[in-house]
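One structure below.
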Amino acid sequence: MQNGWEEVFSLLREKKHTEAFSIYTEQVIPQYDAAMTVLDEINTEISTAAQRYYAESETRKTGTFLFSVLSAVLVLGTTTFLSIQLTRSITKPIQQLCQAANTASHGILEIDIAYDAKDELGELANAIKNMVDFLSRITLDLQQNLGAMAKGDFTWRTKAKESYIGEFAPLLEAMEQMRRDISQTLLQIDMVA
């Protein structure tokens, strides 16, 4: 990404705005698309886990049904009732988590996950909440930073530096470099003028 930004700034210094925009759209924007690909991969993993949990619930339901057939009528009624409740208690949260993950994978980061149990699904719900919060912080910071630069404010600094970790660290570095380079270019233009 650094080479793409350097090339964009070099072209901007040479007043080749069209070429700079082309490099920006061909190299920088695909990195944003890569982030969306990561969300799709997370969605796929969550869907796979949801299908596995659903299959397990179906297996439990079948086992419970076979046991109920061999039991007395009273045990049959009680077991059937419990099986239905168990299935609902597993599938409903899974469906909610799948819906939340699908929503996030489409770029809508304002999701509400109400599931808050102390089990594996609760851990999955918390992981999705943390992921969405993380992506929301990065997205908001990028919007504010780019918005400020678009308005000519190159003094703006990130308010979420700690969020730019892992694969997101180069985004912050590139944003800072772009701000410095554009500021320097404008300063040089001002000095020449």
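Count neighbours as other Cβ atoms within 10 Å of each site's Cβ, and list the trypsin sites (Lys or Arg not before Pro) in the stretch 87-193 that are DSSP loop with at most 16 such neighbours.
In loop regions of the stretch 87-193 (DSSP not H, G, I, E or B), the sparsely surrounded trypsin sites (Lys or Arg not before Pro) are LYS118, LYS151, ARG157, LYS159.
Computing FRET efficiency as 1/(1 + (r/R0)^6) for MET36 and ASP112, where r is the C-beta to C-beta distance and R0 is 30 Å, gives about 0.90.
Considering only Cα atoms, the convex hull volume of the chain works out to 119 Å³ per residue. Annotation: for a label point projected 7 angstrom from Cα along Cα→Cβ of GLN188, residues of the stretch 6-48 with backbone N closer than 14 Å are 6-16. Think of the chain as a dipole: +1 on every Lys or Arg Cβ, -1 on every Asp or Glu Cβ, centred on the Cα centre; then among TYR24, ILE189, LEU146, LEU146 lies furthest on the positive end. Counting only aspartates and glutamates at least 8 places from LYS92 when in the same chain, those with an alpha carbon closer than 16 Å to its own are GLU56, GLU58, ASP112, ASP116, ASP119, GLU120, GLU123. Helix 169-192 and the longest principal axis of the C-alpha atoms of the chain enclose an angle of approximately 20°. The tail of the calculated P(r) for the stretch 70-158, taken as Cα-Cα distances beyond 22 Å, holds 52 percent of the pairs. Computed over the stretch 107-193, the range of Cα coordinates on each principal axis works out to 65, 22, 18 Å, biggest value leading.
Each residue of the stretch 150-158 is assigned a 3J(HN,Hα), and the resulting list reads 5, 8, x, 8, 9, 9, 5, 10, 4 Hz, derived from the Karplus form 6.51 cos²θ - 1.76 cosθ + 1.60 (θ = phi - 60°), x at Gly and Pro. Subtracting the Cα-Cα distance of GLN144 and PHE21 from their residue separation scaled by 0.36 nm leaves 42.3 nm. Along the chain, the longest continuous region that contains none of the GluC sites (Glu not before Pro) in a DSSP loop with at most 15 other C-beta atoms within 10 Å is 15-109.
Bear in mind that the values in this text are calculations on the coordinates, not laboratory data. What you see is a predicted model, and the numbers here were worked out from it, not measured in a lab. All Cβ positions, glycine included, derive from the backbone under ideal geometry; neighbour counts span all protein chains shown.
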